[in-house]
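The values are calculated or read from the model by the stated rules, or taken from the named source; none is laboratory data. Predicted, not measured: the structure shown is a model, and the values here were computed from it. Please note: Cβ atoms are built from the backbone with ideal geometry, for glycine as well, and neighbour counts cover all protein chains shown. In case anyone asks, the SASA skips ligands and DNA or RNA and just uses the protein heavy atoms, side chains included. Shrake-Rupley method; radii C 1.70, N 1.55, O 1.52, S 1.80 Å.
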Amino acid sequence: MFIPAHITGFFKIYKDKDLLKTGSTGAGITLNKGVSTNIVEGNEEIYFNGDKTQLCPTIEVIKNCMNYLNHTNLNTQKSNRLNKNNKIKYKLSNKLDNNFNNLNEFNYNIIHKSDFPLGCGLGTSGACALGVSYELCKIYNAESKILEFAHGAEVKCGTGLGDVVAQYTGGFVIRKKPGLPLNVEKINIKNINNYNVVVEILGKKETNKIINNADWINKINNVSDNLLQKLLKNPTLKNFMSLSYTFAKDTGLATDKIISLCDDLSFTIGSSQAMLGNTVFCICEDKDLNDVLSILNNPIVCKIYNEGNYE
Ligand SMILES: Nc1ncnc2c1ncn2[C@@H]1O[C@H](COP(=O)(O)OP(=O)(O)OP(=O)(O)O)[C@@H](O)[C@H]1O
Ligand SMILES: CC(C)(CO)[C@@H](O)C(=O)[O-]
């Protein structure tokens, strides 16, 4: 399953004791590059671009799915009084999580193939979570839980608040309410393929160090407070980029290097910092693409991915 990368331009953080209600409002765009996830027979190993890894959001999606199956199974037993021979045997060994009650069987490997690295503000962890959720829910006929398993996993790992919701929707997505149930506005972009989204990764930044820090939360939420209404009043890519630049600069999240690059790219529709990464992104029309590429060192040219992923 392919899940698009997602760039958040600006966001506001909402924490709730219910993981699923926790999330963010804000706006972003999904890209035609992202993460393809496959599930193969195996023994609970997770691979990211060929490297075996313990990727928190992927592990949490597996646990969400196994817990759901167990809960459903127990309910089924309660209602149908299944005899012991019909009881579904699920076993999850200690490889993925020592504390997990060994009631689920998970004899698969998860294979993530990503166009972008983790930790660069491109929603890669969210794309991994949503991709494995789609694949698992297809196997276990739990399609109605795809979004919930993935969003809950990202929030629990501290690796995202609104990426999964936006990646599930696709395109230019304004998140009007945090978390679930879904409350977003997908903005129709005329001649969408005329626009390029050029990305340059300058380094890494751990999302959880920002969204779990009280000082950053206050700063981010004070600056972003009125940006959502301003965008809803004038939902254009140009206004999105202008508001994103204001957010990146006024929160202090953007580095001097990124601000300087954005100023050099002022002839385009707009540029800003991909949240939360050390990455600059710019939207430009074809006529300006060569000039943009002459300014950046390692540009990655993308298009806006407008597909929505539905059950
Ligand atoms: N090389 C790696 N191998 C495995 N896990 C990694 C690696 N690099 C980072 N991680 C983990 O992957 C997760 C990255 O999540 P994070 O949210 O910071 O990045 P992202 O999803 O790519 O970008 P963002 O959410 O800011 O758009 C973190 O849990 C981090 O610890
Ligand atoms: C927190 C965040 C900026 C990290 O990518 C994103 O998940 C979002 O927009 O909520």
Counting only backbone N atoms under 19 Å from a point 7 Å out along Cα-to-Cβ of Leu293, the residues of the stretch 255-285 in range are 265-270, 280-285
Quick check for me: using +1 on Lys/Arg Cβ and -1 on Asp/Glu Cβ, what's the dipole size of the stretch 189-302 about its Cα centre, in debye to the nearest 20? 340 debye
Residues in the stretch 120-159 that a label on Thr255 would reach, taking backbone N under 18 Å of a point 7 Å out along Cα→Cβ: 120-123
State to the nearest 20 debye the size of the charge dipole of the chain about its Cα centre, where the only charges are +1 on K and R beta carbons and -1 on D and E beta carbons. 1100 debye
Order of 142-150, 25-33, 129-137 by packing, highest average Cβ count within 10 Å first? 129-137, 25-33, 142-150
Within the chain, which complete DSSP H helices have Cα atoms spanning at least 27 Å along the helix axis and a mean Kyte-Doolittle hydropathy of -1.0 or higher? 56-80
Relative contact order (%) - criterion: Cα under 8 Å, at least six apart; region: the stretch 189-302: 43 percent
Roughly what would the spin-label model give for Val301 and Asn43, points 7 Å off Cα along C-beta, in nm? 4.7 nm
Ignoring ligands, DNA and RNA, what percent of the accessible area of the chain is carbon or sulfur (1.4 Å)? 47 percent
Determine the alpha carbon to alpha carbon distance for each of Lys17/Lys209; Lys145/Lys204; Lys177/Lys204; Lys233/Lys257; Lys186/Lys230; Lys63/Lys186 and list only those over 21 Å. Lys145/Lys204; Lys177/Lys204; Lys233/Lys257; Lys63/Lys186
For the pair Lys21 and Asp263, how long in nm is the line joining their label points, each one 7 Å along Cα→Cβ? 4.5 nm
Kirkwood-based shape ratio for the chain, expressed as Rg/Rh from alpha carbons: 1.01
Listed residues Asn290, Gly252, Leu227: farthest to the positive end of the dipole of the chain (Cβ charges): Leu227
For Lys12, list the aspartates and glutamates whose Cα falls under 17 Å from its own Cα; do not include residues on the same chain fewer than 8 positions away. Glu154, Asp163, Glu185, Asp215, Asp225, Asp250
FRET efficiency for Asp51 and Asn234 from the Cβ-Cβ distance with R0 = 51 Å, rounded to 0.05, comes out at 0.70
Provide the packing ranking of 200-211, 4-15, 240-251, i.e. peptides ordered by the mean count of other C-beta atoms within 10 Å per residue, highest first. 4-15, 240-251, 200-211
Peptides 158-167, 254-263, 43-52, 172-181 ordered by average Cβ neighbours within 10 Å, highest first: 158-167, 172-181, 254-263, 43-52
